[in-house]
1. Within the accessible area of region 59-118, what % is carbon and sulfur when the probe is 1.4 Å and the other protein chains stay in place?
2. Normalised by the residues of region 69-109, what does the relative contact order come to in percent, with Cα pairs under 8 Å and at least six apart?
3. So how do 118-125, 102-109, 139-146 stack up, highest first, on mean other-Cβ count within 10 Å?
4. Work out from phi, with θ = phi - 60° and the Karplus expression 6.51 cos²θ - 1.76 cosθ + 1.60, the ³J(HN,Hα) of each residue of region 43-60, listed in order in whole Hz, and give x for Gly and Pro.
5. Tell me the label-point distance for the pair Arg112, Arg40, using the 7 Å Cα-to-Cβ offset, in nm and rounded to one decimal.
6. For Asp132, enumerate residues with amide H under 5 Å from its amide H, sequence gap 5+ or separate chain, H modeled in the peptide plane.
7. Need the full-extension length gain, Ala102 to His56, defined as separation in residues times 0.36 nm minus the C-alpha distance. One decimal, nm.
8. Using the heavy atoms of the protein chains and a 1.4 angstrom probe, tell me the accessible area per residue for region 63-116 in square angstrom.
Amino acid sequence: MSSASSSVRRIAATVLAAGAVVGAAALPAVAHDGHHQRPRVEISRVQADSPGRDDHSNRSLNNEWVEITNTTRDAINLRGWTLRDDDGNRYRFDNVRIAGRATIRIHTGNGRDTRTDLFQDRREYVWGNRADTATLRDDRGRTVDTESWGRRHH
């Protein structure tokens, strides 16, 4: 009986050890799920310098924009997220859902929001033509992505 009982103990120890190895091997895959490599939502393009003369027309203001892309397959609600420039101008997203693998464009001027285009309803330009930084933050204030261009001279 003692030899059967030691065999059972040996088998149990082997199974437990194998389980520990499999569990340890699975940890890095779970801990590293890709969020650190690429943001789920990112600033994909910026048109900071509206083409043509900066005449403050609504058309000119709306030709200044930032594009945001959802890189995941799932829709994401941007409620409470913000988009800011270096001067502290802030656009706060309302109940906006961005579909999976979709892009939305945030225009500076006035317009009617659609699934693909949002409007800040401003009468002044936001993005610096020569230099600025667009910062996207989530609803907890954490920086999700930034896009900078030019060089600021302080």
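The values are calculated or read from the model by the stated rules, or taken from the named source; none is laboratory data. These numbers come from a predicted model, not from an experiment. All Cβ positions, glycine included, derive from the backbone under ideal geometry; neighbour counts span all protein chains shown. Areas reflect the complete protein model, heavy atoms only, side chains present, ligands, DNA and RNA absent. Shrake-Rupley method; radii C 1.70, N 1.55, O 1.52, S 1.80 Å.
1. 36
2. Once normalised by length, the contact order is 49 percent.
3. 102-109, 118-125, 139-146
4. Couplings: 7, 9, 7, 9, 10, 7, 9, 4, x, x, 6, 7, 9, 6, 5, 4, 4, 5 Hz.
5. For Arg112 paired with Arg40, the spin-label model returns 3.2 nm.
6. Distant-sequence amide H within range of Asp132: Trp149.
7. 13.6 nm
8. 54
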